[in-house]
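Undergrad: Dumping the structure here so I can ask a few things about it.
The values are calculated or read from the model by the stated rules, or taken from the named source; none is laboratory data. Here the structure is a predicted model, which means the values were calculated and not measured. As a convention, Cβ positions derive from the backbone with ideal geometry for all residues, glycine included, and neighbour counts pool all protein chains shown.
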């Protein structure tokens, strides 16, 4: 009875540490003391053909000094049912870390003014500015792509010695979904093709690109044509109900101790137009690109970037964030060796997670710890390959987790 009481008290303590929207909290029954919790984000409304781009601040997240082992996300409706991609296409979700000035927390909560009092803390990737800043994030392939990190590796969070004095660590979601119910061209709508959306008449006169310049009229599609509340063109006479959706997300973590090995997270962009300023590399990540149809050719479309790694480490995990039409993505070392190839999985049915014709997962590389080392200053090559078909808003982002050190003992992968 004493043991049962202790277990109940531990579970109660975990519940107190977490927010009220936690759907479930469990201690996984293994020797690694992994905990898990499932949360539900704030809801957002969509209608047929509607684009929703939302930033949700201060999302529910485990508290304390922890090591995150996995972070999995899917879109659900008001009843908690998984929503298939052919109804609402999940273009992307990003989980971004920021710190908030404690003295301004009440003001921010009341006014929703986040222009002051917060500082964003991006990942270790090399893209400039606030491009690709997230620590976790995928798209339509989320349900079928593993985010699990092998023991004893984890992403360290909540270390009080690393949080700026007077601030507290928080997280936000940046979400983009496209409701394609009734869309004249579902696949084209999910690629944000400009001609398939009801754009404002002055769209090209007021819309700027990632460099702050007016968007070219040659821009055929992508993120800039899928702004919040824009509308994909619908089939004549189609009517459908509005619906409220949320992100359901599950986080697995451990309490941080001396047995955990921290990882650093890098996002490498195959559309990064790297150049140099003397000995300093200058990154010019484009984030997305258009694939033109090359007639009379069966060759694949290949996009490559050579990216210098200021700081290297041992490769623990690798995968790619891609879009439908991808053939694969590969990360090469400077000597041409293959570090990781991420292959797509396409759906064959109607159920959520197996939608026919949609990209529903990307394979993950788990090399034996210590077997692949990336040197400081090594130039990596990111290569994304797509089918030879016209496509807008294509992406080729390679995600890697690196460890600075590897334990000497044998590891259980």
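Undergrad: Do the conditions hold for residue 364, that is, is it farther than 18 Å from residue 306 by Cα, crowded, with 16+ Cβ neighbours inside 10 Å and out of contact with any helix residue (DSSP H, G or I) (no Cβ under 9 Å at 6 or more places or on another chain)?
TA: It is true that residue 364 is farther than 18 Å from residue 306 by Cα, crowded, with 16+ Cβ neighbours inside 10 Å and out of contact with any helix residue (DSSP H, G or I) (no Cβ under 9 Å at 6 or more places or on another chain).
Undergrad: Still on this model: For residue 52, are the conditions met, namely being under 21 Å from the mean Cα position of the chain (by Cα), at pLDDT 95 or above and under 17 Å from residue 244 (Cβ atoms)?
TA: yes
Undergrad: Let me ask another. Go through the residues of the stretch 94-113 one by one and say whether even a single one is surrounded by fewer than 17 Cβ atoms within 10 Å (Cβ to Cβ), in contact with a helix residue (DSSP H, G or I) (Cβ under 8 Å, 6 or more places away or on another chain), under 19 Å from residue 169 (Cα atoms) and modelled with pLDDT under 90.
TA: Yes; the residues of the stretch 94-113 include at least one that is surrounded by fewer than 17 Cβ atoms within 10 Å (Cβ to Cβ), in contact with a helix residue (DSSP H, G or I) (Cβ under 8 Å, 6 or more places away or on another chain), under 19 Å from residue 169 (Cα atoms) and modelled with pLDDT under 90.
Undergrad: In the list 167, 153, which residue meets the criterion of being more than 25 Å from residue 190 (Cβ to Cβ), in contact with a helix residue (DSSP H, G or I) (Cβ under 9 Å, 6 or more places away or on another chain), surrounded by 15 or more Cβ atoms within 10 Å (Cβ to Cβ) and not assigned by TED's automatic domain parsing to the domain that holds residue 348?
TA: When all the criteria are applied, what remains is 167.
Undergrad: Tell me which residues, restricted to the stretch 236-258, are surrounded by 13 or more Cβ atoms within 10 Å (Cβ to Cβ), in a loop (DSSP other than H, G, I, E, B) and either outside the structural domain of residue 135 (by TED's automatic domain parsing) or in contact with a strand residue (DSSP E or B) (Cβ under 8 Å, 6 or more places away or on another chain) (or both).
TA: The answer is 256, and nothing else.
Undergrad: Moving to a separate point now. Just for strands (runs of 3 or more DSSP E) wholly inside the stretch 294-381: which have at least 1 residues that are closer than 18 Å to residue 145 by Cα and in contact (Cβ under 8 Å) with a residue 40 or more places away in the chain?
TA: Result: 313-321, 326-332, 338-342, 344-346, 359-362.
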